[in-house]
1. Ala363 passes all but one of (1) at pLDDT below 90; (2) touching a Lys or Arg at 6+ places or on another chain (Cβ under 8 Å); (3) of a type in the set (A, V, I, L, M); which number fails?
2. Could you list, in sequence order, all residues of the stretch 291-317 that are part of a helix (DSSP H, G or I), of a type outside the set (Ser, Thr, Tyr) and closer than 22 Å to Gln176 by Cα?
3. List the helices (runs of 4 or more DSSP H) inside the stretch 148-252, counting only whole elements, that have at least 2 residues being among the aromatic types (Phe, Trp, Tyr), over 23 Å from the mean Cα position of the chain (by Cα) and farther than 30 Å from Val378 by Cα.
4. Looking at this structure, is Thr152 surrounded by 19 or more Cβ atoms within 10 Å (Cβ to Cβ) and either out of contact with any Gly (no Cβ under 9 Å at 6 or more places or on another chain) or aromatic (Phe, Trp, Tyr) (or both)?
5. How many of the residues in the stretch 297-317 are of a type in the set (A, V, I, L, M) and under 24 Å from Arg137 (Cβ atoms)?
6. Out of all the residues in the stretch 240-285, which are under 23 Å from Met375 (Cβ atoms) and of a type in the set (Val, Ile, Thr)?
7. Here are Gly259, Gly264, Gly280: which of them is at pLDDT 90 or above, closer than 26 Å to Leu192 by Cα and touching a Lys or Arg at 6+ places or on another chain (Cβ under 9 Å)?
Amino acid sequence: MFNIFLSPKIPPNSPLSKGEKAGSPLPKGETPPFRKGGQGGIFFNMAGFTTLPQRGAILIIVLWFIVIVTVMVAALATETRLSAKVVFYNKIGMQTWNDTLQALHVAQMELLINRMPDPPGEEQEIPLGERKNKKYRFDGRVLDLAYPIPDTVQIRIYEHAGKINLQRLNKRQLRQILEKRIGDDPEKLDPLLDAWRDWIDSDDLKHVNGAEKDYYEKLEPPYEPRNSRLETVEEFLFIKGFAEVFEGVEMDTAFTMYGNVSGGVNPNLATREALMLIPGLDEGLINTILTKRREKEFKSYSDFNELAEPEQLAKFRSWMRLSATSNFYTIAIQVKPPEEIDKSETEEEAANTEALDEQEETASQPPEENQRAYMITVQPKGTNQFPRILMVNPYGVLPDTRHELMSSDEDENGNDEAQSTFPSPFK
């Protein structure tokens, strides 16, 4: 081992202890305890002295050791923080999923309760003329349910009688929808109608302007026509030319494959996207329908006399199914992260104060576009079992909800400047 001396001590038997000068010859066989280095340093022998370069090497080793330890501690701390974040967000994910399932079960119970008769005497408290069909609550509004749900979620339910049923669409109605999108041009309409007929017929014979198997097999990627009824809403876009016509349309918000409502929608349940495709309805009239139905349901065609011009009413009357229901529902669950809900009382009071101050400004702004939700399509089966689940879409798109921010007066005054939800690509 090396001995480190802060103040080097000359051994008693050293020549310098006897008064000899540095650089004088030493007896044979003796080793000088130290000598001057070439760089002005002093080198000590290993008999009891540590040289200055050795001290520098030790210092460098110590510094490197400190650096390595620092890096290891920093890496460990970073890994610990990342692990903590993973645990935190996993906890949030589990809590969110738990809240979603709880909300789903409550929504399913709401559908069962909706099929049950009201308690005796409850209907008598409401005048007959003011009574509303309780099924019309399922028009996409945010619902207050019979059973409590977590504060982190809100529930909307859509009755499929408010969407256009593709399986029950006839040629005349499809032509009217296409005319609403691209105009009354036979050169554009006839190829689309022929392609649709070729898709749903059972043979491989092509209509004049249609498309059959030989056309679709040349596409990339290739596929074959159904040669039968459509089975999904998305399949509608696989027909030749239809993807271009319906570009920008959220198909699931306007169309459905469920129910027996033929060739129309119930205006008390209709989505904005479905109404935008019906002839005779413009943006202003659609906003009026969506806001007026909150106050009073549409029970007869005469209810539209004060809202629409006679020419408009003549066009869309055949599309209105005033009492139609489908018994198919889509439950939409919107989830907010728990950490955004769990605030202190001070923060909540400040947020409420700020919300009140900006209420008018917020009311004038449209809701966030393309709101997404966890969506489940179900079919109730009686009152003693949960509805049958038909389809699950974890990232479903909600229909347009801008009318929820409008009052009955605002839709009459502010719709002239409104634009179509999905303008036609051909205009």
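The values are calculated or read from the model by the stated rules, or taken from the named source; none is laboratory data. None of the values given here were measured: they were computed from a predicted structure. With ideal geometry, Cβ positions are generated from the backbone for all residues, glycine too; neighbour counts draw on all protein chains shown.
1. All conditions are met except number (2).
2. Step one: of the stretch 291-317, the residues part of a helix (DSSP H, G or I) are 291-292, 301-304, 310-317.
Next, only the ones that are of a type outside the set (Ser, Thr, Tyr) stay: 292, 303-304, 310-317.
Across the stretch 291-317, the qualifying residues are Phe304, Pro310, Glu311, Gln312, Leu313, Ala314, Lys315, Phe316, Arg317.
3. Counting at least 2 such residues, we get 213-216.
4. Details: surrounded by 19 or more Cβ atoms within 10 Å (Cβ to Cβ): yes; either out of contact with any Gly (no Cβ under 9 Å at 6 or more places or on another chain) or aromatic (Phe, Trp, Tyr) (or both): yes.
So Thr152 fits the description; yes.
5. Initially, the stretch 297-317 is screened for residues of a type in the set (A, V, I, L, M), giving 307-308, 313-314.
Imposing the further condition that a residue be under 24 Å from Arg137 (Cβ atoms) reduces the set to 307.
Of the residues in that region, 1 qualify.
6. Filtering the stretch 240-285 down to residues under 23 Å from Met375 (Cβ atoms) leaves 243, 246-261, 265-277.
Val249, Thr253, Thr256, Val261, Val265, Thr271 - these are the residues of the stretch 240-285 that are under 23 Å from Met375 (Cβ atoms) and of a type in the set (Val, Ile, Thr).
7. Details: Gly259 fails: at pLDDT 90 or above; Gly264 fails: at pLDDT 90 or above.
Gly280 is the lone residue from the list that is at pLDDT 90 or above, closer than 26 Å to Leu192 by Cα and touching a Lys or Arg at 6+ places or on another chain (Cβ under 9 Å).
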